[in-house]
Amino acid sequence: MGSGQHEHFDHWLAAINQACGQFAARPLVGEFSGKLDEFHAHQLKLSTVTVSAANLFRTRKEIALSNDAWFFTVFQLSGEAVMEQEGHQTVLRPGDITLIDAALPSSFVWQQQACQVSLLLPRQTLEQTLHTGRVPCATRLDGKWPVVRLCHQLLRESMQHESLSPRESEAALEAIMALLRPVLVQQAPESSRRERQFQKVLALIDEHIQSDALRPEWLASTTGMSVRSLYRMFAEQGLVVAQYIKNRRLDLCAQALRTASQEEKLAGIGYHWGFTDHSHFSTAFRQRFGISPGEYRRRWQ
């Protein structure tokens, strides 16, 4: 790869990192080409990647520097891509869809030129929609399936309307998740006893999310396990207990802000969901969503 190609490659990777969070990459044998186009309409956050002869990947190092509140929903438009996560590998062809968890290591390989759209789906909303254990990732959703074709059609239609209102963009996102639900549930492995136990812990967190007593020690005691076992259970899912609780509270704050009036105090919203210190709430909210609570609310007015 010549100096010009190196510069092109670095520019492409920088664009990926700005749009999708931190990734690492390496060129493959062949002539590299890469382009990224973004589309934002409030809740709809899309990136169209056109690339060849490249391997994009994410390790724990990159994950630690990024927001993990998302699933990348990959819509293959042309060419082929090899997607890998947690020992699962699938080849995407035009019309196919797969999901990749932003909180777990992953790898994307494009040998020949290909084009795909990556849609960010909020983790909390998707997991609530599915009501199952872990979301099946790097699993090919066949482009011949009717609901997969409908998802592609809805995506294409949505990308033609940048003037979508916040409510319309949220409705489009919910419609895509609703369409994907039956095929994702079908692809999900049967829940093990461990996974069912984990889901019960998550339900307990939601039940007591506003309580000051909601801490790892209280959770362990209430569920009859040791604190060490609780930490291990969350680590198996790539999560940290205290971080999960904080992020869950922040997600609920964001949900409340979308319908809050300008007269409603931001500190009151944060306090309602367990943030007793407004400065800490504002800092944590900005770290998770990239903007302040006030700006988030204004975007939804």
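The values are calculated or read from the model by the stated rules, or taken from the named source; none is laboratory data. None of these values were measured; they are calculated from a predicted model. Every residue, glycine among them, receives a Cβ derived from its backbone with ideal geometry; neighbour counts consider all protein chains shown.
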### Message
I'd like to check something: does the stretch 138-148 contain any residue that is of a type in the set (Lys, Arg), within 19 Å of the chain's Cα centre (by Cα), in the same structural domain as PHE75 (by TED's automatic domain parsing) and closer than 19 Å to VAL82 by Cα?
### Response
yes
### Summary
Just one listed residue, out of SER106, SER78, SER66, is surrounded by fewer than 16 Cβ atoms within 10 Å (Cβ to Cβ) and of a type outside the set (Val, Ile, Thr), and it is SER78
### Query
Somewhere in the stretch 214-223, is a residue surrounded by 12 or more Cβ atoms within 10 Å (Cβ to Cβ), outside any helix (DSSP H, G or I) and either among the basic types (Lys, Arg) or touching a Cys at 6+ places or on another chain (Cβ under 6 Å) (or both)?
yes
### Task
For residues that are free of Cβ contacts under 8 Å to residues at least 24 places away in the same chain and part of a helix (DSSP H, G or I), tally how many sit in the stretch 203-212.
3
### Message
Can you report the number of residues in the stretch 67-111 which are among the β-branched types (Val, Ile, Thr) and more than 17 Å from VAL135 (Cβ to Cβ)?
### Response
3
### Query
Residues of the stretch 3-32 being more than 23 Å from GLU62 (Cα to Cα) and either part of a strand (DSSP E or B) or hydroxyl-bearing (Ser, Thr, Tyr) (or both), which ones?
SER3
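Yes or no: the stretch 158-172 includes at least one residue that is closer than 24 Å to PHE108 by Cα and part of a helix (DSSP H, G or I).
Yes; the residues of the stretch 158-172 include at least one that is closer than 24 Å to PHE108 by Cα and part of a helix (DSSP H, G or I).
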#### Entry: Of residues in the stretch 83-96 being part of a strand (DSSP E or B) and surrounded by fewer than 16 Cβ atoms within 10 Å (Cβ to Cβ), the one modelled with the lowest pLDDT
HIS88
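So which residues in the stretch 18-38 are under 17 Å from the mean Cα position of the chain (by Cα) and buried (at least 16 other Cβ atoms within 10 Å of the Cβ), if there are any at all?
Here is the first cut: in the stretch 18-38, the ones under 17 Å from the mean Cα position of the chain (by Cα) are 18-23, 38.
If the condition is that a residue be under 17 Å from the mean Cα position of the chain (by Cα) and buried (at least 16 other Cβ atoms within 10 Å of the Cβ), then ALA19, CYS20, GLY21, GLN22, PHE23 are the ones that fit.
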### Task
Exactly one condition in (1) in contact with a helix residue (DSSP H, G or I) (Cβ under 9 Å, 6 or more places away or on another chain); (2) not in a helix (DSSP H, G or I) is not met by LEU126; state its number.
(2)
### Task
Scan the stretch 109-128 and report the pairs whose first residue is closer than 20 Å to ARG26 by Cβ and whose second residue is surrounded by 20 or more Cβ atoms within 10 Å (Cβ to Cβ) and among the aromatic types (Phe, Trp, Tyr), with Cβ atoms within less than 8 Å and a gap of 6+ or a chain change.
GLN116/PHE75; SER118/PHE72; SER118/PHE75
